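Q: Mind having a look at this structure? Questions to follow.
The values are calculated or read from the model by the stated rules, or taken from the named source; none is laboratory data. If you're wondering where the values come from, they're calculated on a predicted model, not measured in any experiment. Cβ sites come from the backbone with ideal geometry, for glycine too, and all protein chains shown count toward neighbours. SASA here: full protein model, heavy atoms, side chains in, ligands and nucleic acids out. Shrake-Rupley method; radii C 1.70, N 1.55, O 1.52, S 1.80 Å.
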Amino acid sequence: MYQFSGKLKTLSIILTVVGLLGIGWSFFTAPSTIEEAKEIIAQQSAHDDGHGTAHADEHSNDHANGAHGDDHHDKELTDNDHNATSGSHTGESNIDKEMSAHGAHNDDTHAEHVLHQLQNKPWSALYVSLFFFLGISLLVLAFYAAQRVAQSGWSIVLFRVMEAVTANLVPTSIIMLLVILAASVLHVNHMFPWMAEGTFDPASPNYDAIVDGKSWWMNVPGWTIRGIVYLAIWNAYRFFIRKNSIAEDTADDNNKTYKKNYNASVIFLFLFMITESMMSWDWIMGLDPHWFSTLFGWYVLASLLVSALTVVAFVTVYLRSKNAIPGINDSHIHDLAKFMFGFSVFWTYLWFAQFMLIWYADIPEETTYFVARFNEYKLPFLAMLVMNFVFPVLLLINSDYKSIPWFVVIGGIVILGGHYIDIFVMIMPATVGPFWSFGIAELSALLFFLGIFIYTVFSAFAKANPIPKGNPFLKESEHFHYYNIEHRGEGSGDHH
């Protein structure tokens, strides 16, 4: 049995505490008044040429708070006025629009938009890391269920590693429920602009006709209930399968427990494919309520799945170095790296398919999503493509490299960094606009969730036999190997 070392446990606690302190500091130092927001606007203006700042602020206003819908709606009304009314009336409307978007920095309404964006920054930093770690834990659970349903033989010796990683689903789900979902519904933050007061009220100046047209889906009761249902389904399966997987070890019931786990995994995968897409719409696409993509659920799945497989590879390599998993060999590492490579290509395909179709159609309601990211987030936006596709493909396309643990680790570090940036670019433009950075808030959130991850994962791994002895495919997994890999350097290059 593996023993969770005191040093690793101490490290996890230190990371969690340091991260928590940093998160607290980022909330404490966030602007709290319109006057502070005006000072920050003035400072940014002093370091810019004016036009760039105004342009950034125009985009940022669309996502700051409930005025998101109002600004967009006002723009549509102005366009309609241009076609339906006299030139003088149109001129007045255009002047109003220009004053709204490019108004002087001392305008209180504009400063309030910026204040909300600045206040969103610690919330958004926390949300990026939370979604990243929650998503990784969820996709490891889904990959694990897929291995059970496919009755794969090679991966059985990795089951307890995957089960341990899914233990992180519990604390991240609790934080998602009690911190993000509750705080958003109670208007403690301004991350979801459609939740602003008056968005669905035609008599309100904040009324948003576009969002109101989606009110059958985008409403606070439905959003909250769906979020609770997602988390409940995922955690219920995780609890069930972990309990019964351990029960398999000692069950002498003619594989009845194994079949029960198989059936539960089939049901979970069906529910997962539905809830994962809906979760992506609610928790990420809901940050940009005017925009939508029919590929988005798959795109989020691909990003999280690559990250999940990379984390499984990391934990496996570490535990193997501690001789904690009997039966693991280079061929198992090789197959994990093949999945990392394959789903990196899959992610790139989905990214390009989504981007190319939107770019080619050139519909303003769709292109605004990428315009905001390319104009204000050019460095992370472009770096993400290199880190998530070019680097892993060049590094892992060679079959020999896939079975070398330190090569896999190097590639995995870049992959995880790239997909963290991917989540960052999904969330930040919608919540903080041009006021993004990677500082104390972002680093602290990463450390906090990394500490929780280390503690929960290795605690869970230490609580069960590292080998699922009751699985009928165990022997196949223990004897799984590629001859070339396991006999490297022995003149076996011609054997397969």
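Q: Restricting to segment 133-147, name every residue that is open to solvent by 10 Å² or more (accessible area, probe 1.4 Å) and touching a Ser or Thr at 6+ places or on another chain (Cβ under 7 Å).
A: Matches in segment 133-147: Phe133, Gln147.
Q: Okay, moving on. Working only within segment 261-291, note down all residues that are open to solvent by 10 Å² or more (accessible area, probe 1.4 Å), part of a helix (DSSP H, G or I) and under 25 Å from Asp362 (Cβ atoms).
A: Trp281, Met285
Q: Also, quick follow-up: Restricting to segment 148-168, give me the number of residues that are open to solvent by 10 Å² or more (accessible area, probe 1.4 Å) and among the hydrophobic types (A, V, I, L, M, F, W, C).
A: Residues flagged as open to solvent by 10 Å² or more (accessible area, probe 1.4 Å) and among the hydrophobic types (A, V, I, L, M, F, W, C) within segment 148-168 amount to 4.
Q: Follow-up question, since we're still on this one. Only one residue in Ala203, Ala209, Ala196 is over 27 Å from Leu138 (Cα atoms), among the small types (Gly, Ala, Ser) and surrounded by 17 or more Cβ atoms within 10 Å (Cβ to Cβ). Which one?
A: Ala196
Q: To continue, here is another question. Test Ala460 against the criterion of being small (Gly, Ala, Ser), surrounded by fewer than 21 Cβ atoms within 10 Å (Cβ to Cβ), outside any helix (DSSP H, G or I) and in contact with a helix residue (DSSP H, G or I) (Cβ under 9 Å, 6 or more places away or on another chain), and give yes or no.
A: Answer is no for this residue.
Q: Does Leu416 qualify as being part of a helix (DSSP H, G or I) and either in contact with a helix residue (DSSP H, G or I) (Cβ under 6 Å, 6 or more places away or on another chain) or surrounded by 14 or more Cβ atoms within 10 Å (Cβ to Cβ) (or both)?
A: Spelling it out, Leu416 is indeed part of a helix (DSSP H, G or I) and either in contact with a helix residue (DSSP H, G or I) (Cβ under 6 Å, 6 or more places away or on another chain) or surrounded by 14 or more Cβ atoms within 10 Å (Cβ to Cβ) (or both).
Q: Separate question: Looking only at segment 185-224, which residues are of a type in the set (Val, Ile, Thr) and under 21 Å from Phe292 (Cβ atoms)?
A: Thr199, Ile210, Val211, Val220, Thr224
Q: Of the residues that sit in segment 213-247 and are β-branched (Val, Ile, Thr) and touching a residue at least 12 places away in the same chain (Cβ under 8 Å), which one is surrounded by the most Cβ atoms within 10 Å (Cβ to Cβ)?
A: Only one residue fits best here, namely Ile241.
Per-residue answers, yes or no, for (1) at pLDDT 70 or above; (2) touching a helix residue (DSSP H, G or I) at 6+ places or on another chain (Cβ under 9 Å); (3) hydrophobic (A, V, I, L, M, F, W, C):
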| residue | (1), (2), (3) |
| --- | --- |
| Lys9 | yes, yes, no |
| Gly24 | yes, yes, no |
| Phe27 | yes, yes, yes |
| Ser32 | yes, yes, no |
| Ala37 | no, yes, yes |
| Ser45 | no, yes, no |
| Thr53 | no, yes, no |
| Gly66 | no, yes, no |
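Q: Follow-up question, since we're still on this one. Which ones in segment 347-376 are under 19 Å from Val414 (Cα atoms) and open to solvent by less than 60 Å² (accessible area, probe 1.4 Å)?
A: Those that are under 19 Å from Val414 (Cα atoms) and open to solvent by less than 60 Å² (accessible area, probe 1.4 Å): Trp347, Thr348, Trp351.
Q: Out of (1) within 30 Å of Gln3 (Cα to Cα); (2) small (Gly, Ala, Ser); (3) within 19 Å of the chain's Cα centre (by Cα), what's the single condition that is false for Ala324?
A: (3)
Q: Right, next: Within segment 398-408, is there a residue that is within 21 Å of Ser303 (Cα to Cα), open to solvent by less than 20 Å² (accessible area, probe 1.4 Å), under 18 Å from the mean Cα position of the chain (by Cα) and not aliphatic (A, V, I, L, M)?
A: No; the residues of segment 398-408 include none that is within 21 Å of Ser303 (Cα to Cα), open to solvent by less than 20 Å² (accessible area, probe 1.4 Å), under 18 Å from the mean Cα position of the chain (by Cα) and not aliphatic (A, V, I, L, M).
Q: When the residues of segment 470-490 are narrowed to those that are part of a loop (DSSP other than H, G, I, E, B) and modelled with pLDDT under 80, which ends up nearest to Ile328 (Cα to Cα)?
A: Tyr482
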